[in-house]
Amino acid sequence: MSRRPPQRPPPRSASRRKRERRRVAATLGPARNRTWWQRRSVLNGVAAGVVVIVVVVLIVALRSTSGSSSPTSAATTPKPSPTSTPLASLSSAITGQTIDGIQCQANEQLVYHIHAHLAIYVNGVARSIPEGIGIPPPRREVPTDEGPYVESGKCFYWIHTHTDDGIIHIESPTTTAYALTQFFALWSQPLTASQVGPARGLVIAYVNGQRYTGDVQQLTLTAHELIQLDVGTDVPPKSFSFPPGL
């Protein structure tokens, strides 16, 4: 007996093939949708985690910054110039009485609040202006990385120094043009064309880097003014940068 060849299934029609593809798509559709939503959920979770980490890092950074910084005060103000030998010591005779029209009050007056800088050279050598001028004893000094700082005293004259870097604080209840000689009066030191404190000789003055040809007793203290007094030897004017906040 001869074997019959195996019979092949009749070819599927185009319409039948379309129906089968639709059936397979309908079966796989939910699974594909589930996979897509699962991936999207994972991505959303990762993104949310990254946002949380960034927010936490920013909060920690801000807290660290606020904790490490301190309010602008002379106690923490860096001194931009090195300490040198004082031109003259503080006078103990000033006890709070009105001097040259300047009063000494319990608190610093901030209606008119500016700063100037004074540099003094004697025979070419820098001499410092001591801290505490215009702040009668008993003074309270606090140590800083830049040197001592006079935090308080019996009272505050409207012109005074907290540090020995030459920065003069003008803190007055009214807007007034104060003279450099008034500052020297609070220091109990003379200022003339031939004498600066105990140093005697020809006095050469520079204001904001320019040679001053007028009377040194007429020099006034203005905001961020740079005054340099040379006794005996002419020293080219030096630059100075005020600390931030002054």
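When the P(r) is computed for the range 94-173, the part past 18 Å accounts for 43% of the Cα-Cα pairs. Placing a pseudo-label 7 Å from each Cα along the Cα-to-Cβ vector at S239 and A193 gives an inter-label distance of 3.3 nm. For Y112, the residues whose modelled amide H falls within less than 5 Å of its own, excluding neighbours fewer than 5 places apart on the same chain, are S172, T174.
With the simple model of a label 7 Å out from the Cα in the direction of the Cβ, T95 to Q109 spans 2.3 nm. Taking amide H as placed 1.01 Å from N in the peptide plane, S152 has its amide H under 5 Å from the amide H of R140, each at least 5 places away in sequence or on another chain.
Counting 0.36 nm for each residue step from T175 to T220 and taking away their Cα separation leaves a gain of 14.9 nm. Evaluating 6.51 cos²θ - 1.76 cosθ + 1.60 at θ = phi - 60° for every residue in the range 158-169, the Karplus couplings come out as 5, 10, 7, 10, 9, 10, 9, 9, x, 6, 9, 9 Hz, glycine and proline recorded as x. Whole-Hz Karplus values for the range 188-205 come out as 6, 10, x, 9, 9, 6, 10, 7, 10, x, x, 7, 10, x, 4, 9, 10, 10 Hz, taken residue by residue from phi with 6.51 cos²θ - 1.76 cosθ + 1.60 and θ = phi - 60°; glycine and proline positions read x.
Rounded to the nearest Hz, the phi-derived 3J(HN,Hα) couplings of the range 97-114 under the Karplus curve 6.51 cos²θ - 1.76 cosθ + 1.60 (θ = phi - 60°) are 6, 5, 10, 6, x, 9, 8, 10, 10, 4, 10, 5, 9, 10, 5, 10, 10, 9, where x marks glycine and proline.
Among 225-233, 98-106, sorting by the average number of other beta carbon atoms lying within 10 angstrom of each residue, highest first, gives 225-233, 98-106. Residue order for S172, S84, fewest other beta carbons within 10 angstrom first, comes to S84, S172. With 17 Å as the cut-off, how large is the P(r) tail for the range 90-136, expressed as percent of Cα-Cα pairs? Cα-Cα pairs of the range 90-136 separated by over 17 Å account for 53 percent. Counting neighbouring Cβ atoms within 10 Å and putting the fewest first, the residues D164, D145 line up as D145, D164.
When T161, T213 are sorted by how many other C-beta atoms sit within 10 angstrom of their C-beta, beginning with the fewest, the order is T213, T161.
For Q195, the residues 5 or more places off, or on other chains, whose built amide H falls under 5 Å of its own are G201.
Here, each number is a calculation from the coordinates, and none is a lab measurement. For clarity, every value in this text was computed on a predicted model and none was experimentally measured. Here Cβ is always computed from backbone atoms with ideal geometry, including for glycine, and neighbour counts include all displayed protein chains.
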